[in-house]
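Let me begin by presenting the structure, written as structure tokens, before commenting on it.
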Amino acid sequence: MHVLILGGTSEARRLAELLAAGPAGPAGPLPGLRVTNSLAGRVSAPRTPPGEVRVGGFGGAEGLAAWLREHTVDLLVDATHPFAGTISLNAAHAAATARVPLLALRRPGWRRGEGDVWYEAGSLTEAAALLPALGRRIFLTTGRMGLAAFAGLAGPWFLVRSVDAPGVPCPPRMEVLLDRGPFTLDGERELLRRHRIDVLVTKDSGGAATAPKLTAAREAGLPVVVVRRPPVPAGVPVVAAPEQAARWVREAQAGRRLPY
């Protein structure tokens, strides 16, 4: 059985590890499983998961459907970033075209807690429109791919954190911090203090690796602009944990009815 994981996330890597673990009793995978991990190639030094790895796009939904057929893929798991909306739409279309079962693996989003001052935005453009009324020193943690939405803001100063250096266009007044999570609460507290941050901007990526910034902002009483994640395509079953996705694969491999 051939499983294609659309990855690039810690959940995708964990799923690949579970499927590559070998027979380990009733919880382990069955023999005869081939796993291919697909990485978009947007990070210069990705953490490589176990199994076969391919890097780069497929050429849209039709290209992915052709790849599924050509490589005899039996199961498709969309374990991409919660904000990789285009890839998820392509996966849904390709799976339907190639008649391959599809499962979405998505970590749960963050939830507002007591003391949080959150402003929700439907897009990076909406987030940028909120900033002039909220503060002047912005901690921008939305990644390097969407900086164009903030390029027209000449007043605020931005601290931009990303794994790789951003390109242009970008805000005229900014400092770039190249770093990769997980981050600690003490480190995030110090970052906000040292740079005199008065607004945090983040995508609702979920997960524990980058959540300490939300706690640090809550403690400091700072407003947080949270960009909502796009929905999973209609009709695609969703699980929140790699263990659930591994069970889905095991059930299919054993010839049983898919649990989701």
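The values are calculated or read from the model by the stated rules, or taken from the named source; none is laboratory data. Just so it is clear, the model here is predicted, and its values are computed rather than measured. All Cβ positions, even for glycine, are placed from backbone atoms using ideal geometry, and neighbour counts span all protein chains on display.
Counting the residues of segment 180-218 that are out of contact with any Ser or Thr (no Cβ under 8 Å at 6 or more places or on another chain) and within 21 Å of T80 (Cα to Cα) gives 6.
Return a yes/no flag: does segment 72-80 have any residue that is in a helix (DSSP H, G or I), farther than 19 Å from G206 by Cβ and within 21 Å of the chain's Cα centre (by Cα). Among the residues of segment 72-80, not one is in a helix (DSSP H, G or I), farther than 19 Å from G206 by Cβ and within 21 Å of the chain's Cα centre (by Cα), which makes the answer no. F83 passes every criterion in (1) surrounded by 20 or more Cβ atoms within 10 Å (Cβ to Cβ); (2) modelled with pLDDT of 95 or more; (3) of a type in the set (F, W, Y) apart from (2). Residues that are buried (at least 20 other Cβ atoms within 10 Å of the Cβ) and farther than 24 Å from G155 by Cα within segment 189-213 comprise just one, S205.
Look at T215 and say whether it is at pLDDT 95 or above, polar (S, T, N, Q) and touching a Lys or Arg at 6+ places or on another chain (Cβ under 8 Å). When the stated conditions are applied, T215 does not pass them.
Scanning segment 92-135 for residues that are under 18 Å from the mean Cα position of the chain (by Cα), small (G, A, S) and outside any helix (DSSP H, G or I) gives A104, G109, A121, G122, S123. When the residues of segment 241-251 are filtered to those that are within 15 Å of I5 (Cα to Cα) and either at pLDDT below 90 or of a type outside the set (K, R) (or both), the one that is surrounded by the most Cβ atoms within 10 Å (Cβ to Cβ) is A245.
Those residues that are of a type in the set (G, A, S), surrounded by fewer than 20 Cβ atoms within 10 Å (Cβ to Cβ) and touching a residue at least 24 places away in the same chain (Cβ under 8 Å), I need them from segment 93-119; list them, please. Scanning segment 93-119 gives A98, G109, G113, G115.
Please tell me if L258 is crowded, with 18+ Cβ neighbours inside 10 Å and either part of a loop (DSSP other than H, G, I, E, B) or among the aliphatic types (A, V, I, L, M) (or both). No: the conditions fail for L258.
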